[in-house]
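Participant: Pasting a structure below so you can have a look.
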Amino acid sequence: MTPVSRKVDFPGLINPDGSAWHYLDTAATAQKPQAVIDATGRALGEDYATVHRGVYTRSAQMTLGYEAARRRVAGFIGGREDELVFTRGATEAINLVAYSYPDKGRVLLSQLEHHSNIVPWQLAGWQVDVCPLTAGGRIDLDAAEAMLTPEHTIVAFAHVSNVLGSVLDARRAAELAHSVGARLLLDGCQAVPRMPVDVAALGCDFYAFSAHKLYGPTGIGALWGRAEQLDAMPPWQGGGSMIDRVTFERTTYAPPPQRFEAGTPAIVEAIGFAAACDYVEMIGLDAIERHEASLVRSLRDALRPMNDVSLFGPEDSAGIVSFALQGVHPHDLGTILDEENVAIRAGHHCAQPLMDTLGVPATARASFGLYSDQSDVDALIRGIERARRIFA
């Protein structure tokens, strides 16, 4: 199979001794293409200055670059720049909504959510209800429809599960939420790197995602929100840049998105975020989706005949295959695979409630990126076969 992008674009995929590293942990964080490394290097070097405050030329130029990055990232998911808040990541984006949304009623989550889409709602004082899954590992929207009441003000679901790779019917989820007057927040961390996303077509009200899973830098993410929703939300954190006028008696605030960006922002990371969007769109999200789907089929086809392997999630999982090898703890399997230059994720994947639902303490997870190819699948299978021999 021809990969959609050359591995040579990603210096992190080559070991120091020149051997190939079979990286199958992209769902945790993606490797970075040279184009993103170069963009962040320039931003840290010859282009560097702070933004929004300086009257000198380079500061003005960097401000233009930072706001251009906002437009680029917003456009990547079909949004407008005045609807895109830069955050420290998807986790902070969800926390922002959980704490700042003015009508804290009931929130409907699902059994497959990442901890970052569970804990913030608990901490912020929401009443949490949990939607079950179908037998195939998808969020059960029929059950959600039966559970939703006018007391629910937010529905917060993963667009793509970080463990099962199951894809939500987001349009139907939005219709169900809106039918009771609730708003839909989607955790898009696993969706934006591997499929086209258009927030208008999805019908959601908030969309949270991170840069580092999209082949960009760590430490930055984004919250897209409908303009009228953001405008109704008070600031979450206070400081510089998010103000209109400050006195000791009273402070007034800037309009969104600046209202939610207190302090000096992640300037360099925003530039890298935009560069990552450029790189991914150059490859093409439709091509990435097809490519990863082919690798998922190949891996599942190779694992299915092994009667000591349990597969989790739907057959058409998006870029992710979670499994368990009977008699071998996922951590032990991960260690053996590491000796074979294969990197997978082993553990609960920040989804302990889902592990409880699946009836396992942990799973092994292989996740693909646009740089993955059949050689990575083959290396993983060789490593699993070695583990089976060791533990036989």
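Residues checked against (1) under 30 Å from S322 (Cα atoms); (2) assigned to a loop (DSSP other than H, G, I, E, B):
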site: V128; (1), (2): yes, no
site: G137; (1), (2): yes, yes
site: E145; (1), (2): yes, no
site: T149; (1), (2): no, yes
site: T153; (1), (2): no, no
site: F157; (1), (2): yes, no
site: A173; (1), (2): yes, no
site: H178; (1), (2): no, no
site: L186; (1), (2): yes, no
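Participant: Let me ask another. What number of residues in the range 28-49 are farther than 30 Å from H349 by Cα, buried (at least 16 other Cβ atoms within 10 Å of the Cβ) and small (G, A, S)?
Facilitator: Within the range 28-49, residues that are farther than 30 Å from H349 by Cα, buried (at least 16 other Cβ atoms within 10 Å of the Cβ) and small (G, A, S) number 3.
Participant: Filter the range 10-57 down to the residues that are of a type in the set (D, E, K, R) and modelled with pLDDT of 95 or more, then identify the one that is nearest to Y215 (Cα to Cα). Explain how you work it out, then say what you get.
Facilitator: Residues of the range 10-57 that are of a type in the set (D, E, K, R), as a first pass: 17, 25, 32, 38, 42, 46-47, 53.
Those still in the list that are modelled with pLDDT of 95 or more too: 25, 32, 38, 42, 46-47.
Details: D25: 12, K32: 5, D38: 13, R42: 17, E46: 23, D47: 22 Å.
It comes out as K32.
Participant: Specify which of the listed residues (A98, A135, A90, A68) is out of contact with any strand residue (DSSP E or B) (no Cβ under 7 Å at 6 or more places or on another chain) and either of a type in the set (K, R) or surrounded by 21 or more Cβ atoms within 10 Å (Cβ to Cβ) (or both). If you could, list the steps in order and put the result at the bottom.
Facilitator: Numbers: A135 fails: either of a type in the set (K, R) or surrounded by 21 or more Cβ atoms within 10 Å (Cβ to Cβ) (or both); A90 fails: out of contact with any strand residue (DSSP E or B) (no Cβ under 7 Å at 6 or more places or on another chain); A68 fails: either of a type in the set (K, R) or surrounded by 21 or more Cβ atoms within 10 Å (Cβ to Cβ) (or both).
Among A98, A135, A90, A68, only A98 is out of contact with any strand residue (DSSP E or B) (no Cβ under 7 Å at 6 or more places or on another chain) and either of a type in the set (K, R) or surrounded by 21 or more Cβ atoms within 10 Å (Cβ to Cβ) (or both).
Participant: So in the range 103-126, with the set limited to residues that are at pLDDT 95 or above and assigned to a loop (DSSP other than H, G, I, E, B), which one is nearest to the chain's Cα centre (by Cα)? Reasoning before the result, please.
Facilitator: As a first pass, look at the range 103-126 and keep what is at pLDDT 95 or above: 106-126.
Narrowing further to those that are assigned to a loop (DSSP other than H, G, I, E, B): 111-114, 118, 124-126.
Numbers: Q111: 17, L112: 14, E113: 12, H114: 10, I118: 15, A124: 22, G125: 24, W126: 23 Å.
Among residues in the range 103-126 that are at pLDDT 95 or above and assigned to a loop (DSSP other than H, G, I, E, B), the one nearest to the chain's Cα centre (by Cα) is H114.
Participant: May I pose another question? Here is a list: A43, A68, A39, A30. Which entry is touching a Phe, Trp or Tyr at 6+ places or on another chain (Cβ under 7 Å) and touching a residue at least 60 places away in the same chain (Cβ under 8 Å)? Working first, answer last.
Facilitator: On the way: A43 fails: touching a Phe, Trp or Tyr at 6+ places or on another chain (Cβ under 7 Å); A68 fails: touching a Phe, Trp or Tyr at 6+ places or on another chain (Cβ under 7 Å); A39 fails: touching a Phe, Trp or Tyr at 6+ places or on another chain (Cβ under 7 Å).
Sole residue among the options that is touching a Phe, Trp or Tyr at 6+ places or on another chain (Cβ under 7 Å) and touching a residue at least 60 places away in the same chain (Cβ under 8 Å): A30.
Participant: Can you find even one residue in the range 221-244 that is surrounded by 17 or more Cβ atoms within 10 Å (Cβ to Cβ), out of contact with any strand residue (DSSP E or B) (no Cβ under 7 Å at 6 or more places or on another chain) and modelled with pLDDT under 95?
Facilitator: Yes: one or more hits.
Participant: Shifting gears a bit: Out of the range 281-311, which residues are basic (K, R) and farther than 29 Å from A74 by Cα? Break it down stepwise before answering.
Facilitator: In the first step, residues of the range 281-311 are kept if they are basic (K, R); the result is 290, 297, 300, 304.
Passing the criteria: R297, R300, R304.
Participant: Search the range 310-337 for residues being in contact (Cβ under 8 Å) with a residue 60 or more places away in the chain and among the polar types (S, T, N, Q), and hand back the single one that is surrounded by the most Cβ atoms within 10 Å (Cβ to Cβ).
Facilitator: By that ranking, first place goes to S322.
Participant: Also: Inspect all residues belonging to the range 356-376 and state whether any of them is touching a Pro at 6+ places or on another chain (Cβ under 9 Å), in a strand (DSSP E or B), crowded, with 18+ Cβ neighbours inside 10 Å and not small (G, A, S).
Facilitator: Scanning the range 356-376 turns up at least one residue that is touching a Pro at 6+ places or on another chain (Cβ under 9 Å), in a strand (DSSP E or B), crowded, with 18+ Cβ neighbours inside 10 Å and not small (G, A, S).
Participant: I'd like the full set of residues that are part of a loop (DSSP other than H, G, I, E, B) and either touching a Pro at 6+ places or on another chain (Cβ under 7 Å) or crowded, with 16+ Cβ neighbours inside 10 Å (or both), limited to the range 1-27.
Facilitator: Going through the range 1-27, the residues part of a loop (DSSP other than H, G, I, E, B) turn out to be 1-6, 10, 15-19, 21, 24, 26-27.
Within the range 1-27, P3, V4, S5, F10, W21, L24, T26, A27 qualify.
Participant: Note down all Cβ pairs under 8 Å where the first residue falls in the range 46-60 and is within 14 Å of V268 (Cα to Cα) and in the same structural domain as A254 (by TED's automatic domain parsing), the second is at pLDDT 95 or above and basic (K, R), and they're at least six residues apart or on different chains.
Facilitator: D47/R58; Y48/R58; A49/R58
Participant: Let me ask something additional. Could you tell me which numbered condition G105 fails, if it satisfies all but one of (1) within 26 Å of P314 (Cβ to Cβ); (2) touching a strand residue (DSSP E or B) at 6+ places or on another chain (Cβ under 7 Å)?
Facilitator: (1)
Participant: Now a separate question. What do you reckon, is T134 polar (S, T, N, Q) and either in contact with a Phe, Trp or Tyr (Cβ under 7 Å, 6 or more places away or on another chain) or touching a residue at least 24 places away in the same chain (Cβ under 8 Å) (or both)? Quick ask: steps written out before the conclusion?
Facilitator: Details: polar (S, T, N, Q): yes; either in contact with a Phe, Trp or Tyr (Cβ under 7 Å, 6 or more places away or on another chain) or touching a residue at least 24 places away in the same chain (Cβ under 8 Å) (or both): no.
Taking the combined requirement at face value, the residue does not satisfy it.
The values are calculated or read from the model by the stated rules, or taken from the named source; none is laboratory data. Model, not experiment: these values are computed from the prediction. Methodologically, a virtual Cβ is constructed for each residue, glycine included, from the backbone with ideal geometry; neighbour enumeration extends over all protein chains shown.
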